[in-house]
Amino acid sequence: MPTSAPSHLTYLGYTLGANKPTLYFVEGRYTQEHSKATNVGWHPIHSFHRGANISKTEHDRYSSIRNDPSKTKEKKDFKKDFLKGDFDSNAKDAKYFECDSSDNKNWSAHPSRARLMEIGDQDFDQTYDAKYAKNIVANGYDAS
């Protein structure tokens, strides 16, 4: 279940969902819309965290093994390689991927639906600037 966002947030950028972007901050992410209701809202990051755009090929590979209980070793190996930076990509079709842990041992993975558009990127849409993002998190809805 999502928790409340802290009062001070450092905005990083967004990934586009179906209609509304997921907003990323140093402190966590705010998902505006998702097919799973539990994914909507504020999600803080843990003490240990790494997020990066990864190649579409690797993102698709992880997505294909993600929910397969027989692929535990493959998922663990994927996370290990991701944490080393092996899949980082600047390609336009790259997609954002996060690994998060509270103990630096048990890592959860979160593949995003799209590439993280960071502030300063050439194709960053100013519609989703820091003012927009902080307003959404503060109000809990798209106030534009």
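Of the conditions (1) in a loop (DSSP other than H, G, I, E, B); (2) surrounded by 15 or more Cβ atoms within 10 Å (Cβ to Cβ), THR22 satisfies every one except a single condition; which number is it?
(1)
Out of THR15, THR57, I need the residue that is within 15 Å of the chain's Cα centre (by Cα) and of a type in the set (Val, Ile, Thr). Which one?
Every option except THR15 fails the conditions.
Of all the residues that make up the range 95-132, how many are under 21 Å from LYS36 (Cα atoms) and aliphatic (A, V, I, L, M)?
Counting residues in the range 95-132 that are under 21 Å from LYS36 (Cα atoms) and aliphatic (A, V, I, L, M) gives 3.
Is it true that GLY13 is more than 23 Å from ASP103 (Cα to Cα) and crowded, with 17+ Cβ neighbours inside 10 Å?
Yes: the conditions hold for GLY13.
Please go through (1) surrounded by 18 or more Cβ atoms within 10 Å (Cβ to Cβ); (2) under 15 Å from ILE136 (Cα atoms); (3) not charged (D, E, K, R) for TYR62 and return the number of the only condition it doesn't satisfy.
(2)
In the range 37-81, which residues are in a strand (DSSP E or B) and of a type in the set (S, T, N, Q)?
If the condition is that a residue be in a strand (DSSP E or B) and of a type in the set (S, T, N, Q), then ASN53 is the only one that fits.
From SER55, SER7, SER47, which residue is among the polar types (S, T, N, Q), free of Cβ contacts under 8 Å to residues at least 60 places away in the same chain and touching a Phe, Trp or Tyr at 6+ places or on another chain (Cβ under 8 Å)?
Only one candidate passes the filter, namely SER55.
Yes or no: the range 27-50 includes at least one residue that is touching a Cys at 6+ places or on another chain (Cβ under 6 Å), closer than 26 Å to LYS131 by Cα and either surrounded by 12 or more Cβ atoms within 10 Å (Cβ to Cβ) or at pLDDT 95 or above (or both).
There is at least one residue in the range 27-50 that is touching a Cys at 6+ places or on another chain (Cβ under 6 Å), closer than 26 Å to LYS131 by Cα and either surrounded by 12 or more Cβ atoms within 10 Å (Cβ to Cβ) or at pLDDT 95 or above (or both).
Does ALA114 count as modelled with pLDDT under 95, small (Gly, Ala, Ser) and in a loop (DSSP other than H, G, I, E, B)?
Here the answer is yes, as ALA114 does meet what is asked.
Might you let me know whether the range 118-141 holds any residue that is among the basic types (Lys, Arg) and assigned to a loop (DSSP other than H, G, I, E, B)?
No: zero hits.
If a residue must be assigned to a helix (DSSP H, G or I) and surrounded by fewer than 13 Cβ atoms within 10 Å (Cβ to Cβ), how many such residues does the range 82-111 contain?
1
The values are calculated or read from the model by the stated rules, or taken from the named source; none is laboratory data. Predicted, not measured: the structure shown is a model, and the values here were computed from it. No Cβ is skipped: glycine too gets one built from the backbone with ideal geometry, and neighbour counts run over all protein chains shown.
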